[in-house]
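**Student:** Sending over a structure as structure tokens; questions will come in a sec.
The values are calculated or read from the model by the stated rules, or taken from the named source; none is laboratory data. Just so we're clear, the structure is a prediction, and the values are computed from it rather than from any experiment. Cβ placement follows ideal geometry from the backbone for every residue including glycine, while neighbour counts extend to all protein chains displayed.
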Amino acid sequence: MNKYIKYIIVAVIFLVIIVTLVILNINKKNKDKENDEKIKIVTSFYPMYIIAENLLEGTNNTELVNMADVNVGCLHDYTLTTEDMKKVENADIFIVNGLGMENFLDKVINLNSNMHIIDSSTNIQNLIKDEDEINPHIWTSIDNYILQVKNISKELQNKDNLNEEIYKENEEKYVEKLENLKEEYLEASKELEGQKAIILNEAFEYFAQELKIEATTIKTDHEESTLSAETLKNIIDKVKEENIKIIIIDKNDNKSNAETIANETGATIYELNSGLTGSLEKDAYIKAIEENLCRFRDRP
């Protein structure tokens with residue numbers, strides 16, 4: 001009798017193991033199937049990620065990934081890493097700024113030719129050009145940023161019917177916030193209209209255009225901000241001759257050139273937030289604009 005009980009116990013244990021393995025396998029298959037059915041959306045860099053994050057809130061079966069590290073900043077001369085390539089090789093949608101910002105785009109397309117590219121700059125008209133080169137930092141203008149949000153939303157709706165209504169609702173909510181912020185922004189900065197400024201970071205050219213500031217942009221290496229002594233002297237002379245009171249840089253830029261110019265001329269340095277880096281909060285862009293608002297209100 002004891003012998004039979006032992007056989008029964010062994011059989012039960014064996015059966016439990018078999019059933020457990022079957023359940024685990026089913027769950028794995030279901031999970032793999034669920035992952036396969038997800039739409040993988042990759043953004044090229046930080047400003048695009050914040051837009052997508054707002055548009056994808058509450059969507060079903062979507063996965064959002066940012067390709068470049070959030071602290072990379074501008075993508076000029078950016079070189080793709082192995083980790084970047086892994087992120088896009090299985091992507092369904094790749095959201096880019098456009099206008100040459102992503103100079104590696106051909107490589108990405110060759111890696112994953114089935115991926116749909118969403119160019120957020122489509123049909124944006126007020127582009128700033130230096131000879132034949134277009135300034136791609138369009139998001140620093142709130143009007144342009146709103147158009148980018150709408151462009152991305154439209155394409156997402158076309159490619160993902162399941163979440164079409166969610167994209168529409170999220171677009172409306174986000175654009176409404178941006179429109180309200182724009183009114184406050186323009187009101188706070190209206191005293192800057194018509195004033196002259198030296199810009200030491202070309203990301204703010206669209207910002208200056210939107211606020212109707214008469215700007216002279218000096219291209220620099222933002223990390224070292226290296227300008228020759230002759231160039232600095234010419235800038236200082238221009239600031240003095242034209243009575244320029246504003247110097248605009250990014251808050252993360254090296255301040256040495258700006259401080260040299262300010263010390264020689266009495267102009268005020270505006271350390272603004274270009275929205276190129278920051279937290280991954282949905283309201284990060286709005287907070288960047290509000291940060292600039294505070295700078296205007298605190299101006300001398």
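**Student:** Pick out the one residue from Glu164, Glu169, Glu155 that is assigned to a helix (DSSP H, G or I), in contact with a strand residue (DSSP E or B) (Cβ under 6 Å, 6 or more places away or on another chain) and under 30 Å from Phe94 (Cα atoms).
**Tutor:** Checking each option against the conditions leaves just Glu155.
Listed here are the residues, each with its yes/no results for (1) more than 22 Å from Leu178 (Cα to Cα); (2) touching a Gly at 6+ places or on another chain (Cβ under 7 Å); (3) at pLDDT below 95; (4) not in a loop (DSSP other than H, G, I, E, B).
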| position | (1), (2), (3), (4) |
| --- | --- |
| Val42 | yes, no, no, yes |
| Ala52 | no, no, no, yes |
| Cys74 | yes, no, yes, no |
| Thr79 | yes, no, yes, no |
| Phe94 | yes, no, no, yes |
| Gly98 | no, no, no, no |
| Lys107 | yes, no, yes, yes |
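**Student:** If you don't mind, another one. List the number of the failed condition for Tyr285; all other conditions in (1) in contact (Cβ under 8 Å) with a residue 60 or more places away in the chain; (2) surrounded by fewer than 21 Cβ atoms within 10 Å (Cβ to Cβ) hold.
**Tutor:** Result: Tyr285 fails condition (2) only.
**Student:** A further question follows. Sort through Leu181, Leu147, Leu186 and tell me the only one that's modelled with pLDDT of 95 or more and assigned to a helix (DSSP H, G or I).
**Tutor:** Leu147
**Student:** Another question, if that's okay. Of the residues that sit in the stretch 145-162 and are surrounded by fewer than 21 Cβ atoms within 10 Å (Cβ to Cβ) and among the polar types (S, T, N, Q), which one is farthest from the chain's Cα centre (by Cα)?
**Tutor:** Only one residue fits best here, namely Asn161.
**Student:** Do you know which residues across the stretch 78-104 are without any contact (Cβ under 8 Å) to a residue 24 or more places away in the chain and either in contact with a Cys (Cβ under 8 Å, 6 or more places away or on another chain) or within 22 Å of Glu155 (Cα to Cα) (or both)?
**Tutor:** Within the stretch 78-104, the subset without any contact (Cβ under 8 Å) to a residue 24 or more places away in the chain is 81-84, 86, 89.
Scanning the stretch 78-104 gives a single hit, Glu89.
**Student:** What is the residue count in the stretch 234-264 for residues that are within 20 Å of Asp298 (Cα to Cα) and part of a helix (DSSP H, G or I)?
**Tutor:** Residues flagged as within 20 Å of Asp298 (Cα to Cα) and part of a helix (DSSP H, G or I) within the stretch 234-264 amount to 4.
**Student:** Quick check: anything in the stretch 227-236 on the phi > 0 side of the Ramachandran plot, assigned by TED's automatic domain parsing to the domain that holds Glu290 and out of contact with any Cys (no Cβ under 7 Å at 6 or more places or on another chain)?
**Tutor:** No, there is no match, as no residue in the stretch 227-236 is on the phi > 0 side of the Ramachandran plot, assigned by TED's automatic domain parsing to the domain that holds Glu290 and out of contact with any Cys (no Cβ under 7 Å at 6 or more places or on another chain).
**Student:** In addition: Answer yes or no as to whether Ala208 is among the hydrophobic types (A, V, I, L, M, F, W, C) and touching a Gly at 6+ places or on another chain (Cβ under 9 Å). Show your work before the answer.
**Tutor:** Details: among the hydrophobic types (A, V, I, L, M, F, W, C): yes; touching a Gly at 6+ places or on another chain (Cβ under 9 Å): no.
Answer is no for this residue.
**Student:** Kindly indicate whether Lys129 is out of contact with any helix residue (DSSP H, G or I) (no Cβ under 8 Å at 6 or more places or on another chain), loosely packed, with under 15 Cβ neighbours inside 10 Å and basic (Lys, Arg).
**Tutor:** Yes, satisfied.
**Student:** From the residues in the stretch 36-50 that are of a type in the set (A, V, I, L, M, F, W, C) and in contact with a Ser or Thr (Cβ under 7 Å, 6 or more places away or on another chain), which one is surrounded by the fewest Cβ atoms within 10 Å (Cβ to Cβ)? If you could, list the steps in order and put the result at the bottom.
**Tutor:** Within the stretch 36-50, the subset of a type in the set (A, V, I, L, M, F, W, C) is 39, 41-42, 45, 48, 50.
If we keep only those that are in contact with a Ser or Thr (Cβ under 7 Å, 6 or more places away or on another chain) too, we end up with 39, 41, 48.
On the way: Ile39: 20, Ile41: 25, Met48: 26.
It comes out as Ile39.
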